[in-house]
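Enquirer: Okay, here's the structure, questions in a sec.
What follows draws every value from the coordinates through simple rules; no lab data is involved. Here the structure is a predicted model, which means the values were calculated and not measured. Reconstructed Cβ throughout: ideal geometry from the backbone, glycine too, with neighbour counts over all protein chains shown.
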Amino acid sequence: MITRKSKREIEQMQAAGDLLVQCHKEIAKMIKPGITTLEIDALVEKLLAKHGATPEQKGYNGYPYAICASINDEICHGFPRDEKLQDGDIVTIDMVVNLNGGLADSAWTYAVGNVDEKGKRLMEVTKTSLDKGIEQAQAGNRIGDIGHAIQTYAEGEGFSVVRDFTGHGIGPTIHEDPHIPHFGLPNKGLRLKEGMVITIEPMINEGSWQSKMDQNNWTARTIDKGRSAQYEHTIVITKDGPLLITDQDK
Ligand code: MF3
Ligand code: CO
C-alpha cells in the first residue's frame, strides 16, 4: 500500500534520520584497515540502545544483524563478520533506525585506507547518481524520471546499474510500495505525491550489473567479481521539493 505521511509521522521519521546520521558519522571515524564489520555492528547496536532506538533490520524476515555490511563485490545485504577490513577495500554500511516507530534508512559506501582510482571513481559516480535521482523526486514527477536520471548518468560514466534491487516506500515497515527502480524511462510509472516517503539507493557496479545470491540467501554479489557501491537516502516528497531526512550535510 502507498501511504502519505502526516506531519507528525514525518517528524518521527526525521528524529530517526538524525540518529541514523549520527551513526554514519561515528562509522566514518572508525573505518580503517584492521577493524571488522562486526565491530561496526556492535557500535550501532550500542548507539541506538543509548537513544532508546532499535535496529529495524534485525529480525526483519529473519535478517540477523543491525547493519548490512557489503564489501567490494558484494552488492547488498552482506553480513557483518569477524574479518579485518583491508587497505583498499570499499564497504557499504546500510541500516534502518526505528525511533518511537519512526523509520529512516540510509546506506553509505566507505573507503578503507587507500582505494585505487577506479574504486574512488565508482564511489563518486554512485554518490552523484543518488543526487541525480533525488533531483527528480518532485511531486508531480513520475517514478521513471528518477530511474532514468540515475541510469543515464551512471551508464554515461561507464558503470552499470543493478536491476535486482530497488528503492522503496518506507514506513510503517521497511519495505512499502512503491518500488523505485534505479533505471527506467522518463515520464513513465506512478506519479509522486506530497507526503510520500521513499528511499533512493542506487547500487552501481564497475563491471556487469548482474548479481547472484550467496548461500546465506541474503547477500547479493556481482557475477564478475567487479566492485559495487551504494548510497541511500530516505526522502519525503514535499511541495517544496525533496526533503532528505538522512542528510549528513545539514
Ligand atoms: N536497508 C535495506 C534497504 O535499503 C533493507 C534491508 S532489509 C534487511 O532496502 F533485512 F536486509 F536488512
Ligand atoms: Co537501506
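Enquirer: Restricting things to alpha carbons, tell me how big the chain is in terms of Rg and Dmax, in Å.
Expert: For the chain, the Cα-based Rg and Dmax read 16.9, 47 Å.
Enquirer: Taking 8 Å as the Cα distance limit and 6 or more residues as the minimum spacing, I'd like the relative contact order of the chain as a percentage.
Expert: Working: 636 pairs, mean separation 56.8, N = 250.
Once divided by the residue count of the chain, the mean separation gives 23 percent.
Enquirer: Straight-line reach from K46: which lysines fall under 23 Å, measuring Cα to Cα and dropping same-chain residues less than 8 apart?
Expert: K25, K29, K32, K58, K84
Enquirer: Same structure, new question: What does the helix-only formula give at 222 nm for the chain: each DSSP H stretch with n ≥ 4 adding -39500 (n - 2.57), the total divided by the residues, and the result rounded to the nearest 500 deg cm²/dmol? Walk me through the numbers before you get to the answer.
Expert: Working: 4 runs with 71 residues, N = 250.
Computed mean residue ellipticity for the chain: -9500 deg cm²/dmol.
Enquirer: Arrange the peptides 98-106, 53-61 so that the one whose residues have, on average, the most other Cβ atoms within 10 Å appears first.
Expert: Details: 98-106: 21.4, 53-61: 17.2.
Highest-to-lowest ranking by the protection proxy: 98-106, 53-61.
Enquirer: Tell me which lysines have Cα within less than 18 Å of K239's Cα, excluding those fewer than 8 residues away on the same chain?
Expert: Leaving aside lysines fewer than 8 places away in the same chain, those within reach of K239 are K5, K7, K193.
Enquirer: Cβ neighbours within 10 Å, averaged per peptide: list 165-172, 68-75, 205-212 in order, most packed at the top. All intermediate terms of the calculation are to be shown ahead of the outcome.
Expert: On the way: 165-172: 20.9, 68-75: 23.0, 205-212: 17.8.
Ranked from most to least packed, the peptides come out as 68-75, 165-172, 205-212.
Enquirer: Ok, one more. Can you tell me which of 219-226, 20-27 comes out highest on packing, and rank the rest after it, using the mean Cβ neighbours within 10 Å?
Expert: Values: 219-226: 17.4, 20-27: 18.9.
Top to bottom by mean Cβ count within 10 Å: 20-27, 219-226.
Enquirer: Given 0.36 nm per residue, what is the gain on full extension from A49 to E135 after removing their alpha carbon distance, in nm? Mind showing how you got there, number by number?
Expert: On the way: separation 86, 0.36 × 86 = 30.96 nm, distance 3.41 nm.
Contour length minus the Cα-Cα distance gives 27.6 nm.
Enquirer: Something else about it: Residue by residue through the stretch 214-228, what is 3J(HN,Hα) from phi via Karplus (6.51 cos²θ - 1.76 cosθ + 1.60, θ = phi - 60°)? Round to whole Hz and write x for glycine and proline.
Expert: Ordered by residue, 3J(HN,Hα) equals 6, 4, 6, 6, 10, 7, 9, 9, 6, 6, 9, 6, x, 7, 9 Hz.
Enquirer: Report, by chain and number, residues whose modeled amide H sits under 5 Å from the one on T36, excluding near sequence neighbours (fewer than 5 apart, same chain).
Expert: L85
Enquirer: Okay, moving on. Estimate the FRET efficiency between H175 and K32 by the formula 1/(1 + (r/R0)^6), using the beta-carbon distance for r and 35 Å for R0, to the nearest 0.05.
Expert: Numbers: r = 33 Å, r/R0 = 0.93.
For R0 = 35 Å, the calculated efficiency reads 0.60.
Enquirer: Let me ask another. Along the stretch 199-209, what does the Karplus equation 6.51 cos²θ - 1.76 cosθ + 1.60 (θ = phi - 60°) give for ³J(HN,Hα), rounded to whole Hz, x for Gly and Pro?
Expert: Running phi through 6.51 cos²θ - 1.76 cosθ + 1.60 with θ = phi - 60° gives 10, 10, 8, x, 9, 10, 10, 7, x, 5, 7 Hz.
Enquirer: List the residues, sorted by chain then number, that are 5 or more residues from T234 or on another chain and whose placed amide H is less than 5 Å from its amide H.
Expert: It is D105, I245, T246, by chain and number.
Enquirer: With equal scatterers on the alpha carbons only and no solvent term, can you work out the Debye log10 of I(q)/I(0) for the stretch 79-219 at 0.09, 0.16 1/Å?
Expert: Relative scattering, expressed as log10 I(q)/I(0), comes to -0.30, -0.93.
Enquirer: Let's test the formula: R0 of 35 Å, r as the Cβ-Cβ distance of N100 and S208. What FRET efficiency results, to the nearest 0.05? Please report the intermediate quantities before stating the final value.
Expert: Numbers: r = 42 Å, r/R0 = 1.20.
Approximately 0.25, to the nearest 0.05.
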